[in-house]
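Enquirer: Submitted below is the structure of interest, expressed as structure tokens.
The values are calculated or read from the model by the stated rules, or taken from the named source; none is laboratory data. On a predicted model such as this, the values are computed, not experimentally measured, just so you know. Please note: Cβ atoms are built from the backbone with ideal geometry, for glycine as well, and neighbour counts cover all protein chains shown.
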Amino acid sequence: MSLLFDDILKREFLVAWQRHDETPELDRIAESPTTLSKDGYEIPQNAQVSLRYARFVYQLVKLLQPVQILEIGMANGISSAFIAKARRSYARRGEAQSHVIIDPFQSTEWKGAGRALLRRLNLEFGVEILEECSCVAVPLLERKGCLFDFVFIDGNHCMDYTLTDVLMTDRVLRIGGIIAVDDSTDFGVKMAVPYLDKYRGNLTRIRFDGLFSHWLRERFNKRRRVTVYQKNSMDQRGADGI
Ligand SMILES: C[S@@+](CC[C@H](N)C(=O)[O-])C[C@H]1O[C@@H](n2cnc3c(N)ncnc32)[C@H](O)[C@@H]1O
């Protein structure tokens, strides 16, 4: 899956993102104030990825065609549905695609709304939902020998959780794989990103600011945003941490 994000590829991606019109049904759901629980109750949608960035993640998945995907934070399942729909566009017969989603509160706080949405849209293929905290679930996946091509992190947005989620998911990410972190404008994530930029040498930040119009829009975008890293090598810091 390892694609080199040169200027041409970034430009191609930005154009596809700006022109995106491939998910009208999902767009409507993402913009609706509620979604349905597994028992048919209306659950408020107050925490999902923004529509603009749900489309961003959709286009990224479509472009990179990852086979193994890991997602942290499901809530009402908006990002999960966009990822699952993008996966559909390149699913090959006989290929064991997987999409592991971690959220300890899916059945409790979210009353199964994310799971129900994927079922309603018939997007459950290859999806496994782990109802554990990411700090418990990801090490278990590592111990099982799982490896992923694409990780979307949208769980607990505190700085300690964000850094831990990146540290842990990097350990189960193939070289060339992608970690996309949602809500880069949230305080905790905003604090974590410069740290990652400076100290995680094995993760290269992919900046999508090749188009002036995009750069301008993002400069003044105080709402949600996604930060993208590509793994360029293993984390080789030794005993002294250097
Ligand atoms: C912003 S919401 C996710 C929104 C979802 N990605 C979407 O677009 O619909 C954050 C989610 O993280 C989950 N969460 C909170 N703490 C977590 C943890 N420690 N591990 C994994 N998920 C967690 C919450 O239950 C919540 O569903």
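Enquirer: Of the residues that sit in the stretch 153-188 and are in a helix (DSSP H, G or I) and of a type in the set (Asp, Glu), which one is surrounded by the fewest Cβ atoms within 10 Å (Cβ to Cβ)?
Expert: Taking the stretch 153-188 first, the residues in a helix (DSSP H, G or I) are 159-171, 187-188.
From what is left, the residues that are of a type in the set (Asp, Glu) are 160, 165, 170.
On the way: Asp160: 12, Asp165: 26, Asp170: 20.
Here the answer is Asp160.
Enquirer: Right, here's the next one. Quick check, is Phe56 more than 11 Å from the ligand (Cβ to nearest atom), buried (at least 21 other Cβ atoms within 10 Å of the Cβ) and within 14 Å of the chain's Cα centre (by Cα)? It would help to see each step written out before you state the result.
Expert: Values: more than 11 Å from the ligand (Cβ to nearest atom): yes; buried (at least 21 other Cβ atoms within 10 Å of the Cβ): yes; within 14 Å of the chain's Cα centre (by Cα): yes.
Taking the combined requirement at face value, the residue satisfies it.
Enquirer: Residue by residue through the stretch 88-103, note down the ones that are surrounded by 15 or more Cβ atoms within 10 Å (Cβ to Cβ) and touching a helix residue (DSSP H, G or I) at 6+ places or on another chain (Cβ under 8 Å).
Expert: Selection gives Tyr90, Gln97, His99, Val100, Ile101, Ile102, Asp103.
Enquirer: Restrict the check to the stretch 34-42 and report whether at least one residue is more than 12 Å from the ligand (Cβ to nearest atom) and within 30 Å of Leu3 (Cα to Cα). First the steps, then the outcome.
Expert: As a first pass, look at the stretch 34-42 and keep what is more than 12 Å from the ligand (Cβ to nearest atom): 34, 36-42.
Add one more test, that the residue is within 30 Å of Leu3 (Cα to Cα), and what stays is none.
No, there is no match, as no residue in the stretch 34-42 is more than 12 Å from the ligand (Cβ to nearest atom) and within 30 Å of Leu3 (Cα to Cα).
Enquirer: Consider Leu4 against the criteria (1) of a type outside the set (Lys, Arg); (2) under 21 Å from Asp154 (Cβ atoms); (3) away from the ligand (no atom under 12 Å from the Cβ); (4) over 16 Å from the mean Cα position of the chain (by Cα): it satisfies all of them except one. Which criterion is unmet?
Expert: Of (1) of a type outside the set (Lys, Arg); (2) under 21 Å from Asp154 (Cβ atoms); (3) away from the ligand (no atom under 12 Å from the Cβ); (4) over 16 Å from the mean Cα position of the chain (by Cα), only one is false for Leu4: (2).
Enquirer: In the stretch 75-86, is there at least one residue being of a type in the set (Phe, Trp, Tyr), in contact (Cβ under 8 Å) with a residue 40 or more places away in the chain and within 12 Å of the ligand (Cβ to nearest atom)? Let's see the steps before the verdict.
Expert: So in the stretch 75-86, the residues of a type in the set (Phe, Trp, Tyr) come out as 82.
If we keep only those that are in contact (Cβ under 8 Å) with a residue 40 or more places away in the chain too, we end up with 82.
So of that shortlist, the ones also within 12 Å of the ligand (Cβ to nearest atom) come out as 82.
Looking through the stretch 75-86, at least one residue is of a type in the set (Phe, Trp, Tyr), in contact (Cβ under 8 Å) with a residue 40 or more places away in the chain and within 12 Å of the ligand (Cβ to nearest atom).
Enquirer: Another one. I'm told Glu95 meets every condition in (1) among the acidic types (Asp, Glu); (2) at pLDDT 95 or above; (3) away from the ligand (no atom under 14 Å from the Cβ) except one. Can you identify the failing condition by its number?
Expert: (2)
Enquirer: Among the residues of the stretch 107-123, is any closer than 20 Å to Thr169 by Cα, polar (S, T, N, Q) and at pLDDT 95 or above? Show your work before the answer.
Expert: Of all residues in the stretch 107-123, those closer than 20 Å to Thr169 by Cα come to none.
No; the residues of the stretch 107-123 include none that is closer than 20 Å to Thr169 by Cα, polar (S, T, N, Q) and at pLDDT 95 or above.
Enquirer: OK, next. Looking only at the stretch 25-44, which residues are under 18 Å from the mean Cα position of the chain (by Cα) and either closer than 18 Å to Gly155 by Cα or polar (S, T, N, Q) (or both)?
Expert: Listed by number, the list holds a single entry, Ala30.
Enquirer: Out of the residues in the stretch 36-92 that are in a loop (DSSP other than H, G, I, E, B) and aliphatic (A, V, I, L, M), which is modelled with the lowest pLDDT? First the steps, then the outcome.
Expert: Filtering the stretch 36-92 for residues in a loop (DSSP other than H, G, I, E, B) gives 37-41, 45-50, 65-67, 73-77, 89-92.
Filter once more, so that each one left must be aliphatic (A, V, I, L, M): 47, 49, 67, 74-75, 91.
Details: Ala47: 81, Val49: 86, Val67: 96, Met74: 97, Ala75: 96, Ala91: 86.
Per the stated criteria, the residue is Ala47.
Enquirer: A further question on this structure: Here are the criteria: (1) modelled with pLDDT under 95; (2) under 20 Å from Ser80 (Cα atoms). Tell me which single one Thr169 does not satisfy.
Expert: (1)
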